[in-house]
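Step one of this worksheet: look at the structure below.
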Amino acid sequence: MTTIASNLQAVRERIATACTSAGRSVEDVTLLAVSKTFGPGAVREAHAAGQLAFGENYVQEALEKMADLADLPLQWHCIGPLQSNKTRPVAEHFDWVHTVDRLKIAERLAAQRPPERPPLNVCIQVNVDGGPTKAGVAPAEALALARAVAALPGLRLRGIMTIPEPAADFVAARALHAGARAVFDQLNAAGLALDTLSMGMSADLEAAVAEGSTLVRVGSAIFGGRPALRA
Ligand SMILES: *Cc1c(COP(=O)(O)O)cnc(C)c1O
């Protein structure tokens, strides 16, 4: 078994254990393999080990990888900050965008989604811990943005996404994820019928699953460490 294949298996086991502890079904949590900074060969290895969904942060890097891997039936998720001058290639080439944090971006994605493709799946990025430099809407603004995005043709609003600050331990991580869970529940209570709570990474996926995450975004635990600059 390659390193990537055995890392993937270990991550799947972590998710399964976390689901068991939380009394949840393992089918309710999707693993997104975050392949940013790693080349197409690493993605091929992960695909050979059964992984289909991949997350990328940098549009240009992602487009090159997609071209190289066009022979594989992969699902691509954009999880990086999105500037309005980059929305077109994202609307044309990705299956999901997790980082919608203002209406203007959503409107551009909707207008630029090719009509022959299925709607682009989107999540609203929510800044749950109020980090001042961080992307994402404040929890109090999430409902209004979600309603506006849900009304756009060409997009399918699936849920919310968060990147909380690294927490000291499981209890602290869980408290941050609980804040995201509360926003998710609020939006669903308002009738939005969301099915995706995108939260949890290599370091905190157990805490995220304990708080109801339905999609964990895992990079370094699968592919290894990244150069610090691009982390
Ligand atoms: C890089 C990244 C990840 C993966 O982080 P790891 O700690 O390597 O698992 C997840 N989500 C986002 C938004 C990222 O940028």
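At least 3 residues being open to solvent by 50 Å² or more (accessible area, probe 1.4 Å) and under 30 Å from I105 (Cβ atoms) is the threshold, and among the helices (runs of 4 or more DSSP H) wholly inside segment 1-81 those reaching it are 59-68.
A quick yes/no check of all residues on (1) over 25 Å from T20 (Cβ atoms); (2) within 16 Å of the ligand (Cβ to nearest atom):
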site	(1), (2)
A146	yes, no
R158	yes, yes
D169	no, no
A173	no, yes
H177	no, yes
F184	no, no
N188	no, no
L194	no, no
L197	no, yes
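This table checks each residue for (1) crowded, with 23+ Cβ neighbours inside 10 Å; (2) touching a residue at least 60 places away in the same chain (Cβ under 8 Å); (3) within 22 Å of S6 (Cβ to Cβ).
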{"residue": "P166", "(1), (2), (3)": "no, no, no"}
{"residue": "F184", "(1), (2), (3)": "yes, no, no"}
{"residue": "L194", "(1), (2), (3)": "no, no, no"}
{"residue": "L197", "(1), (2), (3)": "yes, no, no"}
{"residue": "L205", "(1), (2), (3)": "yes, yes, yes"}
{"residue": "V209", "(1), (2), (3)": "yes, yes, yes"}
{"residue": "S213", "(1), (2), (3)": "yes, yes, no"}
{"residue": "R217", "(1), (2), (3)": "yes, yes, yes"}
{"residue": "I222", "(1), (2), (3)": "yes, yes, yes"}
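Scanning segment 106-126 for residues that are under 28 Å from R181 (Cα atoms), buried (at least 22 other Cβ atoms within 10 Å of the Cβ) and out of contact with any Asp or Glu (no Cβ under 6 Å at 6 or more places or on another chain) returns A106, L109, L120, V122, C123, I124, V126. In segment 19-45, the residues that are closer than 18 Å to A221 by Cβ reach residues that are within 16 Å of the ligand (Cβ to nearest atom) and open to solvent by 40 Å² or more (accessible area, probe 1.4 Å) with C-beta atoms within less than 6 angstrom, at least six apart or across chains, in these pairs: T37/R226; T37/R230. Of all residues in segment 96-105, which are under 19 Å from L215 (Cβ atoms) and either more than 16 Å from the ligand (Cβ to nearest atom) or not acidic (D, E) (or both)? If the condition is that a residue be under 19 Å from L215 (Cβ atoms) and either more than 16 Å from the ligand (Cβ to nearest atom) or not acidic (D, E) (or both), then W96, V97, H98, T99, V100 are the ones that fit.
The values are calculated or read from the model by the stated rules, or taken from the named source; none is laboratory data. Bear in mind that the values here come from a model prediction, so they are computed numbers and not experimental data. Cβ sites come from the backbone with ideal geometry, for glycine too, and all protein chains shown count toward neighbours. Accessible surface is based on the protein model in full, side chains and every heavy atom, while ligands, DNA and RNA are left aside. Shrake-Rupley method; radii C 1.70, N 1.55, O 1.52, S 1.80 Å.
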